[in-house]
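The values are calculated or read from the model by the stated rules, or taken from the named source; none is laboratory data. Remember, predicted model here, so these are calculated numbers, not experimental data. Because the Cβ atoms are built from the backbone with ideal geometry, glycine has one as well, and the counts that use them run over all protein chains shown.
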Amino acid sequence: MLREDEKLPFTAHLDELRSRLIKSFIAVGVGFLLCYGFKEQLFEILVYPLIRVMPEGGKLIFTGIPEAFFTYLKVAFLSGIILASPVLLYQFWMFVAPGLYHKERHLLGPVIAITSFFFIGGALFGYFVVFPSGFKFLLGFGTDYIRTLPSMREYLNFATKLLFIFGLLFELPVVLTCLAWLGIISADYLKRNRKYAVLLAFLVAAFLTPDVVSMILMALPLMLLYEISIFSARLLARRKAAADASPKTD
């Protein structure tokens, strides 16, 4: 067992990294194989927000002969990564933990859990709240002589990009809290710039959503996340002040 002040040689770090990567690739491969058996069901879940607002008899199409096959492969691969994410996070933790101090190890675990929570929450918010209203608005441009025929590949690329963006947007409290912990910003700074944050939230929402309803539904959670960031920064400042004021023992 290495002490905190001992260092592994560079070649040992490379061997450790290779071992962790191999285990991660195996986990993703197993997840892919398991998910490929349910590829149709997984794609139906992903496409459900669009199907429920499509006109009666509306269907997705594929315009190339191998398009459906490769779309299912991508769905299974992405689902396999999600299924293997606990293993991936564990391998990441086991690789970086030996290089951290005891206090940093206690912080990294909660940070990973909170980051995952907000990312998944953002993706679920996009899927359940923004997708239905947004797709309904976009499909409204169809007419008697203009028929909507979305393809499988186009929908998968569009949906996964949006879900990823929503997940990243919901990382706002984590990012701002980390900046506060580093001393770059403070709770007072965030409060003073709240009006600019509200404006930015609506601008981002307007850019990502196609209609006013979806824009409001997107902007309101961003504003709430900003308020959570202020609360987290204030709580962090209080804990730092309490730690500085406590008597230090040799």
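P221 - would you say it is under 27 Å from P110 (Cα atoms) and of a type outside the set (A, V, I, L, M)? Considered against the rule, which asks whether it is under 27 Å from P110 (Cα atoms) and of a type outside the set (A, V, I, L, M), P221 comes out as yes.
Looking across the stretch 84-107, the residues that are within 16 Å of the chain's Cα centre (by Cα) and either more than 29 Å from T209 (Cα to Cα) or not in a helix (DSSP H, G or I) (or both) come down to A84, P86, L88, L89. Please work out which residue is farthest from G140 (Cα to Cα), limiting yourself to the stretch 13-72 and to residues that are among the polar types (S, T, N, Q) and assigned to a helix (DSSP H, G or I). Step by step, filter the stretch 13-72, then rank; the result is S19. Would you be able to say whether some residue in the stretch 183-192 is buried (at least 19 other Cβ atoms within 10 Å of the Cβ), more than 21 Å from I114 (Cα to Cα), without any contact (Cβ under 8 Å) to a residue 60 or more places away in the chain and of a type outside the set (V, I, T)? Taking every residue of the stretch 183-192 in turn, none turns out to be buried (at least 19 other Cβ atoms within 10 Å of the Cβ), more than 21 Å from I114 (Cα to Cα), without any contact (Cβ under 8 Å) to a residue 60 or more places away in the chain and of a type outside the set (V, I, T). Taking the condition of being surrounded by 14 or more Cβ atoms within 10 Å (Cβ to Cβ) and assigned to a helix (DSSP H, G or I), how many residues in the stretch 193-209 meet it? Result for the stretch 193-209: 9. Taking (1) at pLDDT 90 or above; (2) more than 30 Å from R238 (Cβ to Cβ) in turn, L169 satisfies each apart from (2).
Of the residues in the stretch 135-148, none is in contact (Cβ under 8 Å) with a residue 24 or more places away in the chain, within 30 Å of A12 (Cβ to Cβ) and of a type outside the set (F, W, Y).
Residue count for the stretch 50-75 under the criterion of being in contact with a Leu (Cβ under 7 Å, 6 or more places away or on another chain) and modelled with pLDDT of 95 or more: the result is 3.
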